Amino acid sequence: MAIGPVDILTVKFPTERPAIPLAPVLGDLVDRGIIRVLDLAFVSKTVDGDVIALNLEDIGPEGVPDVAELAIVPSGNIDDEDFAEVAAFLEPGTSAALLVFENTWAAEFTTKLFAGGGEIVDYGRLPRETAEAVYSELTGQ
């Protein structure tokens with residue numbers, strides 16, 4: 001089975017409960033075959049400093065995608081160590097979402113790459129600000 005690269009994304013929110021509606025965006029990416037959600041978890045640090053792992057039900061239907069709709073593969077990739085690492089940088093009264101996803105768009109590319117004897121020797125991601133600066137420089141926009 002062809003598998004694309006897997007990324008882990010941590011997104012911080014300025015409130016105890018994520019307030020950005022993730023469902024439509026993630027659902028669209030899954031529907032178009034761009035990503036497959038492998039794991040999704042939320043953590044909150046209360047104003048008192050207590051750390052809470054939030055269930056999908058705790059977020060509310062407007063902020064969380066339907067698990068069945070996203071075809072989440074229950075992987076258990078996100079564990080207590082991950083929660084502790086994220087909680088360490090959260091200020092009281094903030095929260096975060098941890099998303100593990102496969103870049104399904106790249107599965108065919110990597111399959112053919114490996115079949116031809118190629119190998120990925122490095123992989124990185126430019127910060128948004130750097131990517132915007134490079135794009136601006138290249139396009140003059």
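Bear in mind that the values in this text are calculations on the coordinates, not laboratory data. Computed from a predicted structure; not experimentally measured. Here the Cβ is made from the backbone with ideal geometry for all residues, glycine too, and neighbour counts use every protein chain on show.
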Residue order, fewest to most beta carbons within 10 Å, for 44, 136: 136, 44
The range 39-54 - phi-based ³J(HN,Hα) in whole Hz, Karplus 6.51/-1.76/1.60, Gly and Pro as x: 7, 8, 9, 10, 9, 10, 10, 5, 4, 7, x, 6, 9, 10, 7, 8
For 13, 89, 109, order by how many other beta-carbon atoms lie within 10 Å, fewest first: 89, 109, 13
Spin-label model distance (nm) - residue 85 vs residue 132, 7 Å beyond Cα toward Cβ: 2.7 nm
Footprinting exposure proxy for 6, 121, 86 (fewest neighbouring C-beta atoms within 10 Å first): 121, 6, 86
